[in-house]
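The values are calculated or read from the model by the stated rules, or taken from the named source; none is laboratory data. Since the model is a prediction, treat every value here as computed from it, not as a measurement. All Cβ positions, even for glycine, are placed from backbone atoms using ideal geometry, and neighbour counts span all protein chains on display. Accessible surface areas use protein heavy atoms only, side chains included; no ligands, DNA or RNA. Shrake-Rupley method; radii C 1.70, N 1.55, O 1.52, S 1.80 Å.
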Amino acid sequence: MKQSSGSDKRVLIVGLGVAGMAAAIRLHEAGWETVIVERSVARRSGGYFVLVYGAGVAAAERLGIGDAVPTLQYEDQKTNEVLGSGRRMPGLGFEALARPPRMMLRGHVETALFEALPAQTQVRYSTTPTAIGQDEYGATVTLRNTETGAESTEAFDLVVGADGVRSTVRSLVFGPHQQFLRPTGYMTAAALMREQVPGFLPHEGLAYTAPGRCAWTFPMVGESAPSIMFSYRTKNIDAEFRRSPAESLRRAFGRTSLGPVLGHMLHEYERADTVLFDSADEVVMPRWHNGRVVLLGDAAACPTLFVGMGVSSALAGADLLGTMLEQHPTSLTRALFAWEARLRPFVEEQQSSLPLTQKLFLPPTLIDRVFRLLMFVPLPAIGSIADWNIKRSPIFSKKDLDISAA
């Protein structure tokens, strides 16, 4: 496949999220003219808490935003396991890990990336692709303004789909969503609280888990109150979306006798300025590129919130894409094959950890719930078994440090 050289190389990036902006920064460094289109009318701000692990931290530093995304974790941060009765016991949080991730809000990462975008990068809001064609000479993309309905067709050398779990680029080029979405049967909800749970100090988080459902809070330095996350199992995902998020949460956790802790958490979710409410779906694909079109971040391989590697994978994947394009400047085909060959083992290992990490966050049965509670009993034998199970997950290993290309 022939590719133009020098500054004539032009890339369309669909999606103004972490993956899209990281790709724009890195591909500009690699000599590409970058154009970003975003469906929303303006850049979205805020967002729930996210974790950034080794590969993501290394990529953020190479992208020039390492100092702009410091961890918001308290030095004396601790997590409490809260029982239904309201009783507390020591819990397992990210602060207990030998190599804890950086904790921050998604908005912090996106703001840092937006401010680091090259001045030459075009950003077009209220714009989405409606058709993508390609041949050996380039890709032609029809873009539609969602406010005016006006359409135009433009030529690009490369198209990057960084538009999330329900990617428009993926549906146009690779196939309908149902081919690649793998539902887990769980719903997730997240928001920023305005007030800490009564009785808890600013540096204290909590975890409430029961068979098929959980509620967590994550304290963060500089925020008035923690970030909150709920998750629960459902047999009918469509029905969950027909109700309001708050109504679905109250149905899942009980309308009455919630107790002061869960009651306060649900109240904080209901009065939050912005909330996340969605099904927890994996994206699993046999291939992430097709000709001159490549998928990045959640559009290619969403590992779900339970794995916690979405931001790290988006940053590392974008950084690696720029590196491979630099290493193969005359062949887009070789660059994309090399990029996927290096990134895929890293991502697939994360996805393989989903059953384990999901059990840790959200025990599906009473037996799993009991095992989770036993993890906090101060007995050496039990502690060793729990530690071994936790470290089986690749998100707690050192392998994510090896993704960066020389």
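Check VAL109 against each of (1) closer than 30 Å to MET265 by Cβ; (2) surrounded by fewer than 20 Cβ atoms within 10 Å (Cβ to Cβ) and name the one condition it does not meet.
Status for VAL109: all satisfied but (2).
Which residue, of LEU72, LEU113, LEU92, is closer than 22 Å to ARG43 by Cβ, modelled with pLDDT under 95 and of a type outside the set (Ser, Thr, Tyr)?
The unique qualifying residue is LEU72.
Is it true that some residue in the range 231-254 is touching a His at 6+ places or on another chain (Cβ under 6 Å) and crowded, with 18+ Cβ neighbours inside 10 Å?
No, the range 231-254 contains no residue that is touching a His at 6+ places or on another chain (Cβ under 6 Å) and crowded, with 18+ Cβ neighbours inside 10 Å.
Has the range 119-137 got at least one residue that is part of a strand (DSSP E or B), at pLDDT below 95 and at negative phi?
Checked the range 119-137: at least one residue is part of a strand (DSSP E or B), at pLDDT below 95 and at negative phi.
Taking the range 245-289, which residues are among the hydroxyl-bearing types (Ser, Thr, Tyr) and either more than 17 Å from VAL82 (Cβ to Cβ) or within 23 Å of the chain's Cα centre (by Cα) (or both)?
SER248, THR256, TYR269, THR274, SER279, listed by residue number.
Looking at the range 5-26, can you tell me whether even one residue there is of a type outside the set (Lys, Arg), farther than 22 Å from HIS108 by Cα, open to solvent by 10 Å² or more (accessible area, probe 1.4 Å) and in contact with a strand residue (DSSP E or B) (Cβ under 9 Å, 6 or more places away or on another chain)?
yes
Hey, can you tell me all the residues within the range 187-209 that are in a strand (DSSP E or B), at pLDDT 90 or above and open to solvent by less than 40 Å² (accessible area, probe 1.4 Å)?
Hits for the range 187-209 are MET187, THR188, ALA189, ALA190, ALA191, GLU204, GLY205, LEU206.
Return the residues of the range 307-342 that are assigned to a loop (DSSP other than H, G, I, E, B) and under 10 Å from the mean Cα position of the chain (by Cα); say none if nothing qualifies.
Those that are assigned to a loop (DSSP other than H, G, I, E, B) and under 10 Å from the mean Cα position of the chain (by Cα): VAL307, GLY308, MET309.
Give the number of residues within the range 27-74 that are open to solvent by 30 Å² or more (accessible area, probe 1.4 Å), over 13 Å from GLU110 (Cα atoms) and among the charged types (D, E, K, R).
6
For the range 291-311, does any single residue satisfy the condition of being farther than 16 Å from THR188 by Cα, surrounded by 24 or more Cβ atoms within 10 Å (Cβ to Cβ) and in contact with a His (Cβ under 8 Å, 6 or more places away or on another chain)?
Scanning the range 291-311 turns up at least one residue that is farther than 16 Å from THR188 by Cα, surrounded by 24 or more Cβ atoms within 10 Å (Cβ to Cβ) and in contact with a His (Cβ under 8 Å, 6 or more places away or on another chain).
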